[in-house]
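Written below as structure tokens is the structure these notes are about.
The values are calculated or read from the model by the stated rules, or taken from the named source; none is laboratory data. Bear in mind that the values here come from a model prediction, so they are computed numbers and not experimental data. Neighbour counts are summed over all protein chains in view; Cβ atoms, including those assigned to glycine, are modelled from backbone coordinates with ideal geometry. Surface areas here come from the heavy atoms of the whole protein model, side chains and all, with no ligands, DNA or RNA. Shrake-Rupley method; radii C 1.70, N 1.55, O 1.52, S 1.80 Å.
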Amino acid sequence: MTSLTIGRRQWLGGAAAVIGASLLVRRAAADPALPAFVPVGGHMKSLKFRMQDVETGKTITEAAFRGHPTILYFGFTRCPDTCPLTMQNAAHLVSLLGNDGQRLRIAFVTVDLDYDTPARLKQFMAQFGPPPVFTGLRGTPSELKTAAARFGVFYHAPSGADSPDPVSGIGHSDATYLFAPDGHAVAVLPALPTGTPHLPQVAALVRKTLSGAA
């Protein structure tokens, strides 16, 4: 497995620990007891970024998602397991939400700038759903670093002709975040990148954000 996730004890340590514990990791797939979500309201920064939307080729900011609940995930297209699983679970969540699913936004930020060209990222996202619900984001090295630091995301993606294969050479924390339509942080979704994503509970939380109750 190429991605990294936070263990249950860190989740129970409080919202501040959730963010700070991104480097203290273990495999989520081995822990079916991970909760559907951990509230972080008031303890995590709001949605903010500047990157290229690979569907349009235009540079966008968080303003493009204003008015929509947004799930944010950092990963890479040649990931063999967690990244496609997370997007697959997100696609099932959209379906489960029915009409409300079309109001959700799933933003996938690539950490593999050397390999993930806009065309490759666009093709990857198309497997799970069409825009504007599914959006692939690709930043400059500086834009990626800034966004990752804002949300406590660890990533390591060697570049160059001699860089190792993705299985051994690329890693990232697979924290998955939910933001409200106004951009404020609502929750971390620790189970979404796993085989037990607890989609009914996540769907209920998304609907709460749409009603303004979360």
**Study point:** Residue within the stretch 106-126 that is farther than 18 Å from THR77 by Cβ and open to solvent by 10 Å² or more (accessible area, probe 1.4 Å) present
**Key:** no
Check your understanding: In the stretch 41-64, which residue that is modelled with pLDDT of 95 or more, of a type outside the set (D, E, K, R) and closer than 16 Å to ASP182 by Cα is surrounded by the fewest Cβ atoms within 10 Å (Cβ to Cβ)?
Key -> ALA63
Practice item. Report, by residue number, each residue of the stretch 65-85 that is in a loop (DSSP other than H, G, I, E, B) and at pLDDT 95 or above. Key: ARG66, GLY67, HIS68, PRO69
Review point. Only one of these conditions is not met by VAL188: (1) in contact with a Lys or Arg (Cβ under 8 Å, 6 or more places away or on another chain); (2) among the hydrophobic types (A, V, I, L, M, F, W, C); (3) modelled with pLDDT of 95 or more. Which number is it?
Key: (1)
Study note, to complete from the structure: Exactly one of ALA203, ALA187, ALA180 is open to solvent by less than 10 Å² (accessible area, probe 1.4 Å) and within 13 Å of the chain's Cα centre (by Cα), and that residue is ALA187
Practice item. Return a yes/no flag: does the stretch 80-94 have any residue that is open to solvent by 60 Å² or more (accessible area, probe 1.4 Å), more than 13 Å from the chain's Cα centre (by Cα) and either of a type in the set (Phe, Trp, Tyr) or within 24 Å of PRO200 (Cα to Cα) (or both). Key: yes
Practice item. Could you run through the stretch 46-59 and say how many residues are under 15 Å from the mean Cα position of the chain (by Cα) and part of a loop (DSSP other than H, G, I, E, B)? Key: 4
